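Here the structure comes first, spelled out in structure tokens, and everything after it is commentary.
The values are calculated or read from the model by the stated rules, or taken from the named source; none is laboratory data. Source: prediction; values computed, not measured. Cβ placement follows ideal geometry from the backbone for every residue including glycine, while neighbour counts extend to all protein chains displayed.
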Amino acid sequence: MDWDFKNAEELLDLCTQNSMPISEVMINREIQLGETRREVIFDQVDACLRVMNTAVDRAVADPVRSMGGLIGGEAHKLDSLDASKAVCGPVIHKAIVSALAVAETNASMGVIVAAPTAGSAGVLPAVLMSMYEHYDISMETLRRGLITASAIGYILIRNGSVAGAEAGCQAEVGSASAMAASAIVEMMGGTPEQCCEAASVALSNLLGLVCDPVRGLVEVPCQTRNTIGAVGAYTAAELALADVGLHVPLDEMIQITYDVGRSLPESLRETAKGGCAVAPSLCAECSKEAAWEKARSLM
């Protein structure tokens, strides 16, 4: 049997024909096309999960400044927040802390899993780690969540874009949020159709999100946008699990997202020429820092 699929429609057909969840179809695809074994796939998945977990723990336990100096210590600060002031509840709080942490690890040259990109690397780990910590899910379920997310990521890359320079931050954090939403649904026992619905809702909720990195660095506002991608994934998943959603097929939403991204002006596609990148206060702060660096180099 041919386990390859080009889009969400073909993926769902395979799920229906074989009475399988998305994760199992994706495993069979990798076995067939990658000429590999199930155990090897799970070993690779476990390696990714270890890196994700370490990326979170590293920044929370031992905060460091980013290479650009714009972020550092945010995850530790939020993790230390008095419980009485944590308005989002323990699951979402953990997700926000984790998203901040991975973004900090990335910006300080730590090891992360680009899922699907370095700029959006905090979203999926945030969801997976918070789900594993606060829900009674097994390691096997966690693995399958990541595999389901990878199937959605493959479809996004094949039929749309995950590059901020091409289609804005909606292509990076939006795609990561869609991947994470589908993972939550599968881990919570949802159907393949609900997984795809969650991914579609997550994309629609971040439709039009611009890419405007300050000084061209993946630091501000990228770090906090990872938190929104994670929280948005939870929202989209819960809607889909209740069969409340957008009801725009995922393939159509991917095309819509790509079209919107391509229509964004160049200034809002990772060029640092618009949006937050030109905020006067941030530009002034960066100018002072650059002057100080120049002065230190002359000492």
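If you scan the range 121-152, which residues turn out to be closer than 20 Å to I22 by Cβ, in contact with a helix residue (DSSP H, G or I) (Cβ under 7 Å, 6 or more places away or on another chain) and assigned to a loop (DSSP other than H, G, I, E, B)? Scanning the range 121-152 gives a single hit, I137.
Across the range 203-259, which residue is surrounded by the most Cβ atoms within 10 Å (Cβ to Cβ) among those that are touching a residue at least 60 places away in the same chain (Cβ under 8 Å) and at positive phi? The qualifying residue surrounded by the most Cβ atoms within 10 Å (Cβ to Cβ) is R215.
Of all residue pairs spaced 6 or more apart or on separate chains, those with beta-carbon atoms under 8 Å, a first member in the range 9-24 that is farther than 20 Å from E140 by Cα and without any contact (Cβ under 8 Å) to a residue 60 or more places away in the chain and a second member that is outside any helix (DSSP H, G or I) and of a type in the set (F, W, Y) are D13/F5; L14/W3; L14/F5.
At least 1 residues being in contact with a Leu (Cβ under 9 Å, 6 or more places away or on another chain) and among the β-branched types (V, I, T) is the threshold, and among the helices (runs of 4 or more DSSP H) wholly inside the range 1-63 those reaching it are 22-33, 38-61.
Among the residues of the range 46-65, the one identified as more than 11 Å from A99 (Cα to Cα), of a type in the set (A, V, I, L, M, F, W, C), surrounded by 14 or more Cβ atoms within 10 Å (Cβ to Cβ) and over 15 Å from the mean Cα position of the chain (by Cα) is V64.
Any idea which of G34, G68 is among the small types (G, A, S) and exposed (fewer than 15 other Cβ atoms within 10 Å of the Cβ)? Spell out how you get there, then give the answer.
Details: G68 fails: exposed (fewer than 15 other Cβ atoms within 10 Å of the Cβ).
Criteria check complete, one pass: G34.
Of the residues that make up the range 87-95, is at least one surrounded by 20 or more Cβ atoms within 10 Å (Cβ to Cβ) and within 22 Å of the chain's Cα centre (by Cα)? Yes: one or more hits. Would you be able to say whether some residue in the range 274-289 is among the acidic types (D, E) and at pLDDT 95 or above? Checked the range 274-289: no residue is among the acidic types (D, E) and at pLDDT 95 or above.
Of all the residues that make up the range 118-146, how many are surrounded by fewer than 22 Cβ atoms within 10 Å (Cβ to Cβ) and not aromatic (F, W, Y)?
Residues of the range 118-146 surrounded by fewer than 22 Cβ atoms within 10 Å (Cβ to Cβ): 118, 132-143.
So of that shortlist, the ones also not aromatic (F, W, Y) come out as 118, 133-134, 136-143.
Of the residues in the range 118-146, 11 are surrounded by fewer than 22 Cβ atoms within 10 Å (Cβ to Cβ) and not aromatic (F, W, Y).
The set of residues in the range 25-74 that are in contact with a helix residue (DSSP H, G or I) (Cβ under 6 Å, 6 or more places away or on another chain), touching a residue at least 12 places away in the same chain (Cβ under 8 Å) and among the acidic types (D, E) contains only E74.
Could you count how many residues in the range 182-197 are part of a loop (DSSP other than H, G, I, E, B) and aliphatic (A, V, I, L, M)?
First pass over the range 182-197, keeping only residues part of a loop (DSSP other than H, G, I, E, B): 188-191.
Subsequent filtering for residues that are aliphatic (A, V, I, L, M) retains 188.
Qualifying residue count for the region: 1.
Restricting the range 156-172 to residues that are surrounded by fewer than 24 Cβ atoms within 10 Å (Cβ to Cβ) and either in a helix (DSSP H, G or I) or aromatic (F, W, Y) (or both), which is nearest to the chain's Cα centre (by Cα)? Step by step, filter the range 156-172, then rank; the result is I157.
Looking at the range 196-232, which of its residues are touching a Leu at 6+ places or on another chain (Cβ under 9 Å), under 26 Å from D259 (Cβ atoms) and of a type in the set (A, V, I, L, M, F, W, C)? Correct list: C196, A198, A199, V201, L203, V210, C211, I228, A230. When residues in the range 216-243 are screened for being over 16 Å from E104 (Cα atoms) and either of a type in the set (K, R) or modelled with pLDDT under 95 (or both), 0 of them pass.
The set of residues from the range 207-221 being of a type outside the set (V, I, T) and either more than 14 Å from G274 (Cα to Cα) or in a loop (DSSP other than H, G, I, E, B) (or both) comprises L207, G208, L209, D212, P213, L217, E219, P221.
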